[in-house]
Amino acid sequence: MKQAPTDPNPPYGEKGGFRKITVTVPPDVYERLVRESARRKIAGEPNQLLSALLREAVYEYLNRLG
C-alpha cells in the first residue's frame, strides 16, 4: 500500500503525529550535521536544526530503498 508523501519538516506545531526517537551517532557524523546546520544558518536556509537534518536524511534514505 503506497502512502502519500510526508513532509519530513512540516511547520512548527504540525508534528503532533510524529514519533520521537533517540539516536546515537559517531562524532564525525555529529560534526557533519553541525557543519550543515551552520551552513544553512549562514545561507538563511530553512531547517537548520539537527533534528530537521536527521529527518531529511532518514526520509531520503528510505525513499531510495523504495
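Laboratory data are not the source of any read-out in this text; all were calculated from the coordinates shown. In this text, all values refer to a predicted model and were calculated from it rather than measured experimentally. Cβ coordinates were reconstructed from backbone atoms using ideal geometry, including for glycine residues, and neighbour counts include every protein chain displayed.
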Expected output is a single nm value to one decimal: the length gained when fully extending between residue 31 and residue 57, i.e. 0.36 nm times separation in residues minus the C-alpha distance. What is it? 7.9 nm
Residue 53: net charge of surrounding residues, Cβ under 13 Å, Lys/Arg +1, Asp/Glu -1, itself excluded? +1
Give, as a single signed number, the net charge of other residues whose beta carbon lies under 14 Å from the beta carbon of residue 14, with Lys and Arg counted +1 and Asp and Glu -1. +1
How big is the convex hull of the Cα atoms of the chain, per residue, in Å³? 117
Report the charge-dipole magnitude of the chain in Debye, nearest 20, computed about the Cα centre from +1 at each Lys and Arg Cβ and -1 at each Asp and Glu Cβ. 100
Filter the trypsin sites (Lys or Arg not before Pro) in the chain down to the DSSP loop ones having no more than 15 other Cβ atoms within 10 Å, then list what survives. 2, 15, 19, 20
Quick one: helix 27-43 against the long Cα principal axis of the chain, what's the angle to the nearest 10°, folded into 0 to 90? 90
Would you mind ranking 30, 12 so that the residue whose beta carbon has the fewest other beta carbons within 10 Å leads the list? 12, 30
